[in-house]
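Data first, discussion second: the structure below is written as C-alpha cells.
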Amino acid sequence: MINFDDFEIFRENLSTLRKLSMDDSDALGIQYMTDSEMEAVDFDAVKTEYMNQLGLSEENAASIDAIVDHMGNRNIIFIEFKNGNMKNEKRKVKDKIRDSLLIFNDITGKNITYSRQWIDFILVYNLEKNPVPNQLTKRSVQDSASRYEIAKYFLGKGNKELIRFDLERFEKLYFRSVHTYSKKEFEIFLQKQCG
C-alpha cells in the first residue's frame, strides 16, 4: 500500500475536500460541492508542480481535483467535482482520468494493475444541472426522471450502482470501482466511510 507521507509532492499539496470542490465559475458566486473538511491531496496542484518539474506548462495535461487515501478500507479514491452540465464535459473528465492516472503512477512507481486493485474513482456532479440521464440504454428510448429512478432501484436490489456519463467503461479497466454521485449521495458516502 502507498503511504502518501512518503511523497513530498503529495505532502506539500494538501487541502480539504470542501476547498477542492469549490466552483467560482457560476454567475451565482462561489459554490461548493461538499462541506467536508476531510484532508485530501490537491491533485490539480500536484499536476502543476509535476509538469513544471518537467519544464512543461500545466496546460499540457488535465487532472482530477482530489485524492483521498484513508477511507477505511485502505483504498485510494480519485475524486472529480463537476458542478456544471456534464453534456459537454464527458470528454474532459475522461482526459482527466487518463492524465491523472499516468501522473500518479509515474510519481508513485505503480502501474494500472495496482490501480485496478486499490484505486476507486468518484465523480461528484450537480443533479439539478444533470437531472435526466442520457445513457440508460443504448437504444434511442426517451429518457425520463422516473426511468432513472426505476433503474437505480433495480440496480440497488442487485447491489449495483447506476454509473452515469459513460464512465462505467473505466471500472475494471483502470479502477477497482467507479461511482457517480450527486452532491447528496456523496455526503451519504462520506458519512458511511467516516462515521
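The values are calculated or read from the model by the stated rules, or taken from the named source; none is laboratory data. What you see is a predicted model, and the numbers here were worked out from it, not measured in a lab. Using ideal geometry, Cβ is built from the backbone for each residue, glycine included, and neighbour counts are taken over all protein chains shown.
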Search segment 1-40 for residues being touching a residue at least 12 places away in the same chain (Cβ under 8 Å) and among the β-branched types (Val, Ile, Thr), and hand back the single one that is nearest to residue 75 (Cα to Cα).
2
Residue by residue through segment 76-90, note down the ones that are surrounded by fewer than 16 Cβ atoms within 10 Å (Cβ to Cβ) and either under 13 Å from residue 175 (Cβ atoms) or modelled with pLDDT of 95 or more (or both).
none
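Looking at segment 16-31 only, could you name the residues that are more than 16 Å from the chain's Cα centre (by Cα) and of a type outside the set (A, V, I, L, M, F, W, C)? Lay out the reasoning, then the answer.
The first filter runs over segment 16-31 and keeps only residues more than 16 Å from the chain's Cα centre (by Cα), leaving 24-31.
If the condition is that a residue be more than 16 Å from the chain's Cα centre (by Cα) and of a type outside the set (A, V, I, L, M, F, W, C), then 24, 25, 26, 29, 31 are the ones that fit.
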Among (1) in contact with a helix residue (DSSP H, G or I) (Cβ under 7 Å, 6 or more places away or on another chain); (2) modelled with pLDDT under 90, the one test that residue 156 misses:
(1)
I need the full set of residues from segment 66-75 which are farther than 19 Å from residue 123 by Cβ and either modelled with pLDDT of 95 or more or touching a strand residue (DSSP E or B) at 6+ places or on another chain (Cβ under 6 Å) (or both), in order please.
none
Residue 92: of a type in the set (D, E, K, R) and out of contact with any helix residue (DSSP H, G or I) (no Cβ under 9 Å at 6 or more places or on another chain), yes or no?
yes
Tell me, which helices (runs of 4 or more DSSP H) wholly within segment 1-65 include 2 or more residues that are surrounded by fewer than 16 Cβ atoms within 10 Å (Cβ to Cβ), charged (D, E, K, R) and out of contact with any strand residue (DSSP E or B) (no Cβ under 7 Å at 6 or more places or on another chain)?
8-11
Please work out which residue is farthest from residue 2 (Cα to Cα), limiting yourself to segment 91-122 and to residues that are buried (at least 20 other Cβ atoms within 10 Å of the Cβ) and of a type outside the set (A, V, I, L, M).
96
